[in-house]
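Each remark here refers to the structure printed beneath this line.
Nothing in this text is a laboratory measurement; each read-out follows from the coordinates by a stated rule. Values in this document were obtained by computation on a predicted structure and should not be read as measured data. Positions of Cβ are generated from backbone atoms using ideal geometry, with glycine treated the same way; all protein chains shown enter the neighbour counts.
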Amino acid sequence: MGQRESRSTSELIPQDVLDDPANITRNQILQSICYFYFLVDQPLPELENMSLFNNTIQYNEPFSSWLRRFADAWGLFLDTEASWNPEYYQQFYNDPRYGLQKGWYESSSKWSTFNQFFSRYLASPDQRPINSSNDTSVIVSPADSVPQGTWPIDNNSTIQVDGGLQVKLVRYFSVEDLLGNDSEYKDAFANGVLTHTFLNVNDYHRYHFAVGGKIVDNRSITQNVALEVTWNSTGKKYDPIDSTGWQFSQTRGYVIMDTGEYGLVALIPMGMAQVSSVNFEKGVVVGSDHEKGDMLGHFLFGGSDFVMLFQKQAGFEMTATPGVHILMGEKYGVMKGTT
């Protein structure tokens with residue numbers, strides 16, 4: 001069963017870190033985004049029964065299209081040198097959540113725009129060792145992120161998601177909606193498993209192959225750039241929520257890998273809010289072979305999500321602990337196969 005239908009990111013950050021003045025840059029970024037999206041995420045009775053993910057204007061046209069244009073315009077600015085300066089770098093360096101003091105990343109001299117900083121490369125591959133690199137049954141985390149849990153895919157290729165603790169509601173989401181109704185693989189994951197893992201704004205935002213194999217399908221899907229936000233009355237701040245279900249209407253890309261023995265695995269990087277671009281490496285094309293841990297692509301700005309689908313024959317079991325942050329390359333799960 002699904003282990004985490006909704007998780008506030010405030011639960012992932014120690015209070016002493018939130019209270020540390022050195023973290024003001026991260027908090028300002030997160031709060032400014034959340035405040036805006038909190039407003040457009042308020043439910044409206046006029047939008048009920050319109051087949052939207054939620055009855056809020058961020059999912060409804062024409063506002064949802066305006067949100068995309070807004071995100072794109074912001075992204076263009078973050079590609080300019082006006083978006084970056086030594087003072088900004090020092091503020092991020094002083095915030096331990098970004099890991100700039102750990103020697104993980106390339107030289108800061110390579111960053112002349114905010115997006116270059118945000119999509120920073122590792123200094124070398126050994127900064128993120130790949131767990132069991134020669135064992136094809138081991139799944140590694142595709143990104144620095146917080147695993148959210150697993151959800152079974154039923155015989156009709158739908159995923160059942162509880163509506164949460166306060167709203168006793170069951171919703172069903174179709175793999176067809178996630179991959180596209182013209183995808184030849186829309187029914188390939190029936191009786192399999194979905195899992196997803198959340199990247200916060202401070203995480204390393206390049207994502208990697210969680211499994212090795214051959215790419216049999218690769219596409220990008222442009223849809224919403226929404227964000228669910230709640231007010232944290234205890235912390236007196238806004239918190240983004242990484243629920244299960246919003247991914248089915250969000251901007252995303254995917255590759256479907258043929259792993260051989262364990263069948264097909266879908267790797268689906270998912271933009272969230274101001275992440276309006278999901279970028280694959282140039283060599284990520286249908287027919288290409290890739291090793292576990294190879295670079296798959298990167299996000300630009302903001303929190304993100306990464307979804308994975310496994311066929312029944314994989315016998316996937318999650319070994320990472322939901323809610324506990326892990327690094328790219330660490331063990332995420334195992335494919336035990338089926339008899």
Inset, instruction - Please express the shape of the stretch 231-272 as an equivalent ellipsoid: the semi-axes are the square roots of 5 times the eigenvalues of the C-alpha gyration tensor, given largest first in whole angstrom. - result: 34, 12, 7
Legend entry - Relative contact order (%) - criterion: Cα under 8 Å, at least six apart; region: the chain: 23 percent
Legend entry - Rough spin-label spacing in nm, given labels placed 7 Å along Cα→Cβ, for Ser220 and Val286: 1.7 nm
Inset, instruction - State the answer as a single residue: which of Pro43, Gly263, Pro322 lies farthest towards the positive end of the charge dipole of the chain, with beta carbon charges of +1 for Lys and Arg and -1 for Asp and Glu, about the Cα centre. - result: Pro322
Legend entry - Over the chain, volume per residue of the alpha carbon convex hull, in Å³: 135 Å³
Inset, instruction - Would you grab the residues whose amide H sits under 5 Å from the one on Asn224? Only those 5+ places off in sequence or on another chain, please, with H modelled 1.01 Å from N. - result: Gln250, Thr251
Legend entry - Unit charges at the beta carbon, dipole of the chain: most positive-side option, Phe77, Phe92, Ala188: Phe92
Inset, instruction - Report P(r) for the stretch 50-103: all Cα-Cα distances, bin width 10 Å, range 0 to the bin holding the largest distance, values in whole percent. - result: 20, 25, 24, 24, 7
Legend entry - Enclosed volume per residue, in Å³, of the convex hull spanned by Cα atoms of the stretch 46-163: 200 Å³
Inset, instruction - Please turn the phi angles of the stretch 79-94 into ³J(HN,Hα) values with the Karplus equation 6.51 cos²θ - 1.76 cosθ + 1.60 (θ = phi - 60°), one per residue in order, whole Hz, x for glycine and proline. - result: 8, 9, 5, 5, 8, 9, 7, x, 5, 4, 4, 5, 5, 5, 4, 6
Inset, instruction - Please give the peptides 53-59, 82-88, 263-269, 134-140 ranked by average Cβ packing (other Cβ atoms within 10 Å per residue), highest first, as a rough proxy for protection. - result: 263-269, 53-59, 134-140, 82-88
Legend entry - Entries in Lys292/Lys312; Lys237/Lys331; Lys236/Lys331 that, when Cα-Cα distance is taken, lie over 29 Å: Lys237/Lys331; Lys236/Lys331
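Between Glu317 and Ala82, how high is the FRET efficiency from 1/(1 + (r/R0)^6) when r is the Cβ-Cβ distance and R₀ = 51 Å? Nearest 0.05.
Values: r = 48 Å, r/R0 = 0.94.
FRET efficiency, Glu317 to Ala82: 0.60.
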Inset, instruction - For the stretch 250-339, take the alpha-carbon Rg, divide it by the Kirkwood Rh, and send me Rg/Rh. - result: 0.97
